[in-house]
Amino acid sequence: MKIRKRKIFLIIGLVMLVLAACSNVDGDLDNKWQLRQYQYADGSIKRQDSIFYNFQKGSFSAICLLKNGSYQTFFGNYSLKGDKISIILLPETKCNRRKY
């Protein structure tokens, strides 16, 4: 009987852990994104297709494809307050650039 109760508690605990890990805390922000264009204050637009970024549970990452065929990655943490986002990048490491 004791073993059966332990199994039930273990299963309930695992289910709750999986549900917590899969929760979408930041709504539509969580996921992988590609920067397609940006707009300057004067209204001019520049197209871009080589920057990819990811937001997930407070972690931020970005990959920038460089013209020479290598790439650079950036990692950090982010927080949301209303409709504003703050990103704090971690210090850059020397192993971030690689050929692909």
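Of the residues Ser44, Ser70, Ser79, Ser61, the single one that is surrounded by fewer than 13 Cβ atoms within 10 Å (Cβ to Cβ), out of contact with any helix residue (DSSP H, G or I) (no Cβ under 6 Å at 6 or more places or on another chain) and under 20 Å from Pro91 (Cβ atoms) is Ser79. Name every residue in the stretch 27-43 that is part of a strand (DSSP E or B) and of a type in the set (A, V, I, L, M), in order of residue number. If the condition is that a residue be part of a strand (DSSP E or B) and of a type in the set (A, V, I, L, M), then Leu35 is the only one that fits. Residue count for the stretch 44-74 satisfying the condition of being under 9 Å from the mean Cα position of the chain (by Cα) and in a strand (DSSP E or B): 8.
Please go through the stretch 62-87 and pick out each residue that is among the hydrophobic types (A, V, I, L, M, F, W, C) and under 17 Å from Gln48 (Cα atoms).
Passing the criteria: Ala62, Ile63, Cys64, Leu65, Leu66.
Table: residues versus (1) in contact (Cβ under 8 Å) with a residue 12 or more places away in the chain; (2) closer than 19 Å to Gln37 by Cα; (3) not acidic (Asp, Glu).
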{"residue": "Ile51", "(1), (2), (3)": "yes, yes, yes"}
{"residue": "Gln56", "(1), (2), (3)": "yes, no, yes"}
{"residue": "Phe60", "(1), (2), (3)": "yes, no, yes"}
{"residue": "Ile63", "(1), (2), (3)": "yes, yes, yes"}
{"residue": "Asn68", "(1), (2), (3)": "no, no, yes"}
{"residue": "Gly76", "(1), (2), (3)": "yes, no, yes"}
{"residue": "Ser79", "(1), (2), (3)": "yes, no, yes"}
{"residue": "Asp83", "(1), (2), (3)": "no, no, no"}
{"residue": "Pro91", "(1), (2), (3)": "no, no, yes"}
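No value in this document is a laboratory result; all are computed from the given coordinates. Every value quoted in this text rests on a predicted model; they were computed, and no experiment measured them. Virtual Cβ from ideal backbone geometry, glycine too; neighbours counted across all protein chains shown.
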